[in-house]
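K.L.:
Below is a structure I'd like to ask you about.
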Amino acid sequence: MEEIVLSAISKGFTALGFSCHTPIETEDEWHMKKADFPYYLGELKRLKEVYRDRIELYTGLELDYLEDTNTLAGSEYIEQLDYTIASVHLMKHKKSGAYLSIDGPIEEFTSLLQDNFNGSMEHFAGHYFSLQERMISSHTFDILGHCDLIKKHNRDGRFFEPASPWYKKAWVSFLHRAAKHDVRIEVNTGGVARGATSEVYPSPEMIRMCTELSIPLMLNSDAHRSDHLDFSFSSTEDLLIQSGVRSLDILEHGFWTTVSIL
Ligand SMILES: [Zn+2]
C-alpha cells in the first residue's frame, strides 16, 4: 500500500482512494480476508498520517451485491469507510448453489451462461443489468463500479454482438434507473490496463447516454498495480470530452465535488 501511495505522489496525484474487495462470508481468492481488514484500516490510518502533507488518502471498499439476499456484502463496514464502490461481480449458480463471478475465470462465466440461462446471452446480460437495477433501488453507495462488466469476456464479440437491440435495451433501462436514483457511475480503465477489454467500462455509447441523462461520472483506474494508477487517464479524458462529458466528480477534502474537465 505504501508503494502505491509513493507511486501516486510521484505521478502528481493530490488524492488517492483504496478500495479493496470487501471481506465476504464465503472466503475466496479475490476478496480480502476478514482477518486482514483491521490491518487494512490500520495501515491506511498510518499512511494518512505519514503522507498528510503530500497527498489525501481515502479508505474505501468495493462492496459486492448478492442477488439471493438482495444485500450489499460489506455494508456492515460503511461506518469505518470514507467511500464505497458497489459492484455486481457475482451470480448464484443454480446447479451448485455457489456464487460464481462473471469477470473471473472463463469457466465460471460459461457455467452461469449454460446452466442458469440455457446458453442465452440475452438472458444472461439482461439479468446482469437487472441486478444492478435492484442494487440501485435497494442500497446507497458513492460509486457504481464497472457497470458493463458483462462484456469482459466478450473480446472480439466472442459471446454476443454489443450492438444488438436486446443488449442496448438492457443497458438503457439500467441507465434510466441510475439517473432516477442519482447514482454516480465510474469510468474504469482497469479492463484495458489488464488487457481484458479494448474499451473502458462503460462503453462510449453508454457514456454518451450518461451525459444525456445527466448521470454524474468519476474516473477510476481500478489499478491492481502501482504503475497502473493513471492508466489511460489522458486518452480517456479525451474520449469523455468527445462524448459530451463536461465534468467529473472527485472526492476532495472529504467531500464529493464536481470539477470541469474542459
Ligand atoms: Zn470490481
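A short reminder: the numbers here are calculations on the coordinates, not readings from a lab. Just so it is clear, the model here is predicted, and its values are computed rather than measured. Cβ sites come from the backbone with ideal geometry, for glycine too, and all protein chains shown count toward neighbours.
K.L.:
Choose one answer from LEU175, LEU217, LEU100: the residue with the largest mean-square fluctuation in a GNM of the chain with alpha-carbon springs under 10 Å.
P.N.:
Looking only at LEU175, LEU217, LEU100, the biggest GNM fluctuation is shown by LEU100.
K.L.:
With a Förster radius of 45 Å, plug the Cβ-Cβ distance of TRP166 and ARG225 into 1/(1 + (r/R0)^6) and report the FRET value to the nearest 0.05.
P.N.:
Using R0 = 45 Å, I get an efficiency of 0.80.
K.L.:
In whole Å, what are the Cα extents of the range 1-54 along the three principal axes, biggest one first?
P.N.:
The Cα atoms of the range 1-54 stretch 38, 19, 14 Å along their principal axes.
K.L.:
Something else about it: Could you give each residue of the range 64-77 its phi-based ³J(HN,Hα) in whole Hz, using Karplus coefficients 6.51, -1.76, 1.60 with θ = phi - 60°, and x for Gly or Pro?
P.N.:
Per residue, the Karplus-derived 3J(HN,Hα) values read 10, 6, 10, 6, 6, 10, 6, 10, 10, 4, x, 4, 5, 9 Hz.
K.L.:
Mean residue ellipticity at 222 nm from the helices of the chain, using -39,500 (n - 2.57) per DSSP H segment of n ≥ 4 over the full residue count, to the nearest 500 deg cm²/dmol?
P.N.:
Value at 222 nm, helices only: -10000 deg cm²/dmol.
K.L.:
So for the chain: antiparallel DSSP bridges make up what percent, rounded to the nearest 5?
P.N.:
Once the DSSP bridges in the chain are tallied, antiparallel ones form about 40 percent.
K.L.:
I've got another one for you. Is the chain best put as rounded, prolate or oblate by its Cα gyration tensor, with a ≥ b ≥ c the root eigenvalues, rounded for a/c under 1.5, and otherwise prolate when a/b is larger than b/c, oblate when not?
P.N.:
Because a/c hits 1.5 or more and a/b fails to exceed b/c, the chain counts as oblate.
K.L.:
What are the trypsin sites (Lys or Arg not before Pro) within the range 155-197 that DSSP puts in a loop, where the Cβ has at most 15 other Cβ atoms within 10 Å?
P.N.:
The qualifying sites are ARG158, ARG194.
K.L.:
Hey, another quick one. If we restrict to alpha carbons, what Rg and Dmax does the range 7-86 come to, in Å?
P.N.:
13.9, 45
K.L.:
Something else about it: Which percent, to the nearest 5, of DSSP beta bridges fully inside the range 1-156 are antiparallel? Could you put the intermediate results ahead of the total?
P.N.:
Values: 6 of 20 bridges.
Rounded to the nearest five, the antiparallel share is 30 percent.
K.L.:
Further question: Label points 7 Å out from Cα along the Cβ direction at GLU25 and LEU41: separation in nm?
P.N.:
For GLU25 paired with LEU41, the spin-label model returns 2.1 nm.
K.L.:
Would you mind computing Rg(Cα) / (2.2 N^0.38 Å) for the range 183-262, counting N as its residues?
P.N.:
So the range 183-262 has a normalised radius of gyration of 1.05.
K.L.:
Tell me, how many Å apart are the Cα centres for the range 197-250 and for the range 20-51?
P.N.:
27
K.L.:
Are any of the pairs LYS92/LYS152; LYS11/LYS48; LYS95/LYS152 more than 21 Å apart by Cα-Cα distance, and if so, which?
P.N.:
From LYS92/LYS152; LYS11/LYS48; LYS95/LYS152, over 21 Å: LYS95/LYS152.
K.L.:
When all C-alpha to C-alpha distances in the range 29-151 are sorted into bins of 5 Å, what percent of pairs does each bin hold, rounded to whole numbers?
P.N.:
Final binned percentages: 2, 10, 19, 19, 17, 13, 9, 6, 4, 2, 1, 0.
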